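A.B. asks: Here it is, the structure, as structure tokens.
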Amino acid sequence: MSRSPGTPRLLRRLNDRAALELLLTQGPLTRAELGELTGLSKVTAGQLLARLEERGLVEVAGERAGGRGPHAALYAVAPSSAYVAGLEVLPDSLTVGVADITGKIVVEVTVNPADGKDPVKAVHSAVRRACDSARIGISQLRSFVIGTRGVVDPRTGDVRFSYDLPSWHVGVLASLRATLGASVTIENDVNLVALAEHRYGAAAGHDDFVVIWAGVGQGLGVMLGGKLHRGITGGAGEIGWLPVPGEPLPTDVQHPQSGSFQRLVGQEALGGLARQYGVPGASIPDQVRHGRDGYLDEVAGRLAVGAAAVAVVLDPGLIVLSGDVGRAGGERLAAKVEEAVARLCPSQPRVVTSGVAGNPVLRGALVAALEEAREQVFSDTV
């Protein structure tokens with residue numbers, strides 16, 4: 001087992017890491033403020049800041065007026081000390097977001113992945129374009145997290161199965177790492193939405209909750225004890241295959257549209273329901289957004305079948321509706337789903353709509369990438 005070379009070095013590393021975390025969450029801070037928050041003397045805090053400034057991790061970000069003496073310098077984490085990339089891969093588009101180490105998104109670009117047959121080439125091209133727009137080099141990216149539809153094997157990190165993205169298969173991760181570096185991770189898109197909701201959205205402050213993705217396909221992100229639950233094979237959350245009363249059981253798991261719950265709440269089912277109620281709209285989200293109570297009650301009742309099944313097994317306390325349909329329905333749909341779930345199961349969880357602004361998959365990918373990059377950068381400061 002490896003050991004730290006010595007206690008003073010270990011203490012400096014721990015102090016540096018604590019200081020950087022404080023500067024991210026509460027900064028900018030003066031030397032005195034940092035010393036008070038960390039319990040370090042002003043001299044030790046000054047030495048720490050000088051060490052981090054020399055390494056390019058901290059910079060002076062202004063001054064704070066004090067008493068009669070000179071103004072105190074304010075220190076902050078240097079945004080340019082590292083960058084990360086988050087990506088969302090869809091059949092017809094590839095979106096890349098680049099953020100600095102503080103979490104500020106500096107650029108976001110969406111490209112057409114051409115024929116989609118070479119995912120490594122498409123990702124590399126999109127990342128290079130994003131870096132060019134941000135005027136940084138690819139070498140400055142410390143972590144890449146890619147969100148895709150389908151099942152990602154948590155043991156290997158490879159995409160085990162994706163109906164919509166057949167070229168994303170076992171072996172793609174190794175090729176991406178050979179091209180972009182070892183810090184590439186692939187994650188299920190709805191799991192990333194759960195990370196975004198936990199950090200920025202409706203689930204902030206909740207360590208036990210689920211995200212139900214209602215859209216073209218149905219998905220589930222599960223957060224238990226503040227950690228994602230992926231399952232042994234990565235299949236946790238494939239709620240589209242949930243057996244439901246009145247719908248035929250799946251006949252071929254290679255085709256998600258054959259899943260029972262997918263049949264109940266998928267595009268074809270909700271489109272037929274809109275026609276039955278005479279709801280206008282160019283798309284399913286438009287119809288949900290503007291639908292009247294009768295139609296929306298029926299949509300909520302169908303979504304509640306899946307929500308109740310999750311609630312009686314996991315008892316998460318909080319269910320977040322996301323996806324095109326969930327976000328379009330907003331709080332109105334969420335309230336109706338909550339009422340319907342309360343009639344179906346005893347746990348009676350709260351149901352709310354997504355609170356993440358912008359692209360929730362991309363935001364979640366950046367959350368995961370920042371955690372990885374900060375671990376790299378902040379854990380090796382001495």
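The values are calculated or read from the model by the stated rules, or taken from the named source; none is laboratory data. The structure displayed is predicted, hence computed values, not measured ones. Don't worry about glycine lacking a Cβ; one is built from the backbone with ideal geometry, like all the others, and counts go over all protein chains shown.
A.B. asks: In this structure, does residue 242 turn out to be in contact with a Ser or Thr (Cβ under 8 Å, 6 or more places away or on another chain) and surrounded by fewer than 23 Cβ atoms within 10 Å (Cβ to Cβ)?
C.D. replies: Details: in contact with a Ser or Thr (Cβ under 8 Å, 6 or more places away or on another chain): yes; surrounded by fewer than 23 Cβ atoms within 10 Å (Cβ to Cβ): yes.
Taking the combined requirement at face value, the residue satisfies it.
A.B. asks: Hey, another quick one. Among the strands (runs of 3 or more DSSP E) lying completely within the range 124-192, list those that include at least 3 residues that are at pLDDT 95 or above and in contact with a helix residue (DSSP H, G or I) (Cβ under 9 Å, 6 or more places away or on another chain).
C.D. replies: Fully inside the range 124-192 and qualifying: 141-148, 184-188.
A.B. asks: Also: Just to be sure I understand the filter: pairs with C-beta atoms under 6 Å, separated by 6 or more residues or on different chains, first member in the range 302-323 and at pLDDT 95 or above, second member acidic (Asp, Glu) and assigned to a helix (DSSP H, G or I). Which pairs pass?
C.D. replies: Pairs that qualify, where the first residue is at pLDDT 95 or above and the partner is acidic (Asp, Glu) and assigned to a helix (DSSP H, G or I), are 320/197.
A.B. asks: Taking the range 63-104 only, how many residues are in a strand (DSSP E or B), surrounded by fewer than 22 Cβ atoms within 10 Å (Cβ to Cβ) and in contact (Cβ under 8 Å) with a residue 24 or more places away in the chain?
C.D. replies: Matching residues across the range 63-104 total 7.
A.B. asks: Right, here's the next one. Could you tell me whether the range 182-197 includes any residue that is surrounded by fewer than 19 Cβ atoms within 10 Å (Cβ to Cβ), assigned by TED's automatic domain parsing to the domain that holds residue 127 and free of Cβ contacts under 8 Å to residues at least 12 places away in the same chain?
C.D. replies: For the range 182-197, residues surrounded by fewer than 19 Cβ atoms within 10 Å (Cβ to Cβ), assigned by TED's automatic domain parsing to the domain that holds residue 127 and free of Cβ contacts under 8 Å to residues at least 12 places away in the same chain: present.
A.B. asks: Among the residues of the range 342-374, which ones are assigned to a loop (DSSP other than H, G, I, E, B) and at pLDDT 95 or above?
C.D. replies: If we filter the range 342-374 for residues that are assigned to a loop (DSSP other than H, G, I, E, B), which is where we start, we get 345-349, 354-359.
Matches in the range 342-374: 349, 354, 355, 356, 359.
A.B. asks: Kindly list the number of the only condition in (1) at pLDDT below 95; (2) under 16 Å from residue 297 (Cβ atoms); (3) of a type outside the set (A, V, I, L, M) that fails for residue 331.
C.D. replies: The failed condition is (1).
A.B. asks: Any residue that is surrounded by fewer than 22 Cβ atoms within 10 Å (Cβ to Cβ), assigned by TED's automatic domain parsing to the domain that holds residue 236 and in contact with a helix residue (DSSP H, G or I) (Cβ under 6 Å, 6 or more places away or on another chain) - is there at least one of those in the range 326-336?
C.D. replies: There is at least one residue in the range 326-336 that is surrounded by fewer than 22 Cβ atoms within 10 Å (Cβ to Cβ), assigned by TED's automatic domain parsing to the domain that holds residue 236 and in contact with a helix residue (DSSP H, G or I) (Cβ under 6 Å, 6 or more places away or on another chain).
A.B. asks: Say whether the condition of being surrounded by 15 or more Cβ atoms within 10 Å (Cβ to Cβ), under 16 Å from the mean Cα position of the chain (by Cα) and either assigned to a loop (DSSP other than H, G, I, E, B) or not assigned by TED's automatic domain parsing to the domain that holds residue 88 (or both) is met by at least one residue in the range 105-121.
C.D. replies: So far as the range 105-121 goes, no, none of its residues is surrounded by 15 or more Cβ atoms within 10 Å (Cβ to Cβ), under 16 Å from the mean Cα position of the chain (by Cα) and either assigned to a loop (DSSP other than H, G, I, E, B) or not assigned by TED's automatic domain parsing to the domain that holds residue 88 (or both).
A.B. asks: Same structure, new question: Where the second residue is in a helix (DSSP H, G or I) and among the small types (Gly, Ala, Ser) and the first is under 14 Å from residue 79 (Cβ atoms) and lies in the range 35-62, which pairs have Cβ atoms under 6 Å and are six or more apart or on separate chains?
C.D. replies: Close Cβ pairs satisfying both conditions: 56/81; 57/81.
A.B. asks: Restricting attention to the range 52-62, does a residue exist that is surrounded by 17 or more Cβ atoms within 10 Å (Cβ to Cβ), outside any strand (DSSP E or B) and not assigned by TED's automatic domain parsing to the domain that holds residue 120?
C.D. replies: yes
A.B. asks: Further question on the same structure: Within the range 6-28, count every residue that is among the hydrophobic types (A, V, I, L, M, F, W, C) and either under 10 Å from residue 77 (Cα atoms) or touching a residue at least 60 places away in the same chain (Cβ under 8 Å) (or both).
C.D. replies: Qualifying residue count for the region: 5.
A.B. asks: Could you tell me which of the residues 221, 150 is on the phi > 0 side of the Ramachandran plot and either in the same structural domain as residue 326 (by TED's automatic domain parsing) or crowded, with 22+ Cβ neighbours inside 10 Å (or both)?
C.D. replies: Within the list 221, 150, the selection yields 150.
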